Every structure is written in C-alpha cells, then in structure tokens.
1. As an exercise, use a Förster radius of 51 Å and the Cβ-Cβ distance of LYS277 and SER251 to find the FRET efficiency, rounded to the nearest 0.05.
2. Report, in deg cm²/dmol and to the nearest 500, the calculated mean residue ellipticity at 222 nm for the chain, where each DSSP H run with n ≥ 4 adds -39500 (n - 2.57) and the sum is divided by the residue count.
3. Taking the Cα-to-Cβ direction at ASN132 and at LEU177 and moving 7 Å from each Cα, how far apart do the two end points lie in nm?
4. Classify region 6-106 from the C-alpha gyration tensor, please: rounded if a/c falls under 1.5, else prolate or oblate depending on whether a/b exceeds b/c.
5. Give me LEU121, LEU25 ranked fewest to most by other Cβ atoms within 10 Å of their Cβ, as a rough exposure proxy.
6. Below 8 Å between Cα atoms, with a sequence gap of 6+, how large is the relative contact order for region 96-192 in percent?
7. Rounded to the nearest 20 Debye, what is the dipole magnitude of the chain about its Cα centre when Lys and Arg each give +1 and Asp and Glu each give -1 at the C-beta?
8. Quick one: which of LYS172/LYS249; LYS7/LYS244; LYS84/LYS242; LYS127/LYS190 span more than 29 angstrom between C-alpha atoms?
Amino acid sequence: MKIEFVKMNGAGNDFIVIDNRKGVLKNLEISTFVRLVCRRRKSIGADGLMILEDSDKVDFKMRYFNSDGSEGEMCGNGARCIAKFAYLLGVAKEKMKFETISGIHEALIVGENVRVIFPDLSVDVFKLNQKNDFGFGEIEYHFAIVGVPHAVIYREDVESMNDDLLRDLGRKVRYNLNVFPKGTNVNFVKISDKNEIIVRTYERGVEDETFACGTGSIASCVISHLLSKVYPPVLVKARGGKLKVGFEKVSSFLKNVYLEGDAKFVAQGYILEDALKE
C-alpha cells in the first residue's frame with residue numbers, strides 16, 4: 001500500500017488530505033482507515049482527514065472525516081484547506097464551488113488566505129439563552145447548527161482555563177444526548193471588544209480540544225452579534241491562530257456569511273502499510 005497525501009492546517013486545525021478522483025481508496029474501509037492514520041504518535045496524526053472527489057454538480061466534492069472515523073457534515077477550516085488543495089491541483093480556479101453533505105459552498109483564494117462562503121442562515125436556527133445543568137450546575141448556553149451542531153458558553157476565564165477542565169466540561173455538554181441527540185461541538189467564548197472574540201472549542205468526533213474550529217467560530221460570532229455583543233466583521237482568536245468571520249443580518253436571515261484565514265501545506269508523502277497497524 002502506498003497512498004499519496006498532503007498534510008495541511010488552517011489556524012492550527014490539522015488535516016490529512018487525499019485526492020481520491022482515481023479511486024485510490026476504493027479497496028479500503030474508509031472509517032477504519034481514517035481512525036488509524038489520524039492517530040498521533042503511532043501514525044501520521046491529525047484532527048481529521050479529507051477526501052477530494054469528482055462532483056457532477058460543481059468543481060469537486062469534499063468528504064470530511066473526524067479523527068474517530070465518523071463522517072462529518074462540514075468543517076470550516078477543513079473546507080479552506082481543501083479549497084487551496086483543489087486550486088493548486090488545477091481542479092478549481094480562484095473562485096470555486098464544492099459539494100459537502102451539508103450542501104454546496106463557495107470558496108475564494110484571497111492572497112495567502114482562503115475565504116469560504118456559507119449559504120444564508122436563518123436566524124431561527126440560533127437558539128439563544130437556553131439553560132441546563134450538564135453536571136456542573138445550571139448554566140446558560142446558546143445553540144446553532146452551522147453545518148454541524150455547536151453549543152456556545154460564555155466564560156471570562158477562557159484563555160486561562162485548564163486543559164483538563166475544558167475537556168471535562170466539553171464532554172459533559174457534548175454527550176448530553178437528551179439535549180443534543182446527535183451530540184454537539186462546544187465553544188467556550190470570551191468577548192474582547194465589539195469586533196473581537198476569543199474561542200476555545202471541544203470538538204465532537206475529535207473528542208478533545210482543537211486549536212481552531214471554523215464553523216464554531218461562525219456560530220460564536222453570529223450568536224455574539226444576535227446578543228448585541230459584537231458587530232461584523234469579527235476577528236476570532238483561537239489557540240492556533242486568527243480567523244475572520246463576516247456576515248450581514250438582513251431581516252430574519254444572515255447573508256454573505258464567510259470564514260477567512262490561512263491554509264498551509266506542511267508536508268507531502270505516502271501513507272504506508274505500517275501506518276494502519278494497531
């Protein structure tokens with residue numbers, strides 16, 4: 001076995017990316033393959049794995065898998081990375097469209113950065129000022145589906161939160177299936193000023209904190225705006241870097257929603273058989 005791959009990251013959110021247009025993965029059980037190659041230390045290691053495939057609708061199809069092997073509907077930072085990958089392969093031009101489980105998205109190469117444009121979002125999908133006891137006392141949280149589900153919890157100690165505490169609180173919220181039947185990503189947010197927030201995310205499917213989360217950044221910014229805490233465009237400071245989120249509220253819809261940030265190639269090589277050994 002010898003499968004070509006590249007390693008990319010967007011704001012510290014890292015991915016293995018594979019061009020599968022010629023069916024290089026056709027004889028593999030994808031979920032198991034993803035879980036094994038995304039292991040850190042024993043294999044390549046990544047927050048997730050993306051597959052680029054042909055699309056009969058738009059420029060290409062993006063399939064995104066979390067590191068536990070589960071297939072995700074969408075990944076904002078992953079989308080920026082695979083868009084740059086497709087552009088450099090010649091699969092798409094600077095302005096492109098691509099297919100995901102969550103629908104058709106657009107992307108634009110902006111110098112060294114990549115901007116992903118999301119479909120319009122209804123304000124109705126944002127559930128504000130909810131309360132629940134997730135096992136650490138009743139708290140207020142907010143919820144939205146931005147391609148994937150996101151809970152947003154405001155805390156003043158976001159930057160100084162102990163890693164173990166973040167994981168513990170994140171898991172308790174993420175696995176409360178009575179409130180979130182499909183689980184949820186959990187974003188801990190602090191407002192810096194009217195155009196800047198700080199976000200740390202416990203990510204479903206990775207089951208740990210990731211250094212950035214694109215769709216989580218969008219959810220956090222829009223919720224913060226609906227609560228009159230910030231105004232777009234919003235700078236998001238994540239552990240792995242900075243992201244820019246823009247949108248316009250027009251009546252009961254959010255239009256021109258975009259996520260912009262870096263998309264870096266850090267390695268290229270081949271996945272060999274030993275990468276799949278338990």
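What follows is calculated from the coordinates using simple rules that are stated; it is not laboratory data. None of the values given here were measured: they were computed from a predicted structure. With ideal geometry, Cβ positions are generated from the backbone for all residues, glycine too; neighbour counts draw on all protein chains shown.
1. On the way: r = 56 Å, r/R0 = 1.09.
FRET efficiency, LYS277 to SER251: 0.40.
2. Details: 4 runs with 47 residues, N = 278.
Rounded to the nearest 500, it is -5000 deg cm²/dmol.
3. With each label point 7 Å from Cα toward Cβ, the separation is 1.3 nm.
4. Prolate, since a/c reaches 1.5 and a/b exceeds b/c.
5. Working: LEU121 21, LEU25 17.
Fewest-to-most ranking of LEU121, LEU25: LEU25, LEU121.
6. Values: 124 pairs, mean separation 18.4, N = 97.
Across region 96-192, relative contact order equals 19 percent.
7. On the way: 40 positive and 39 negative charges, 59 e Å.
It comes to approximately 280 debye.
8. Working: LYS172/LYS249 32 Å; LYS7/LYS244 23 Å; LYS84/LYS242 18 Å; LYS127/LYS190 19 Å.
As for pairs spanning more than 29 Å Cα to Cα, those are LYS172/LYS249.
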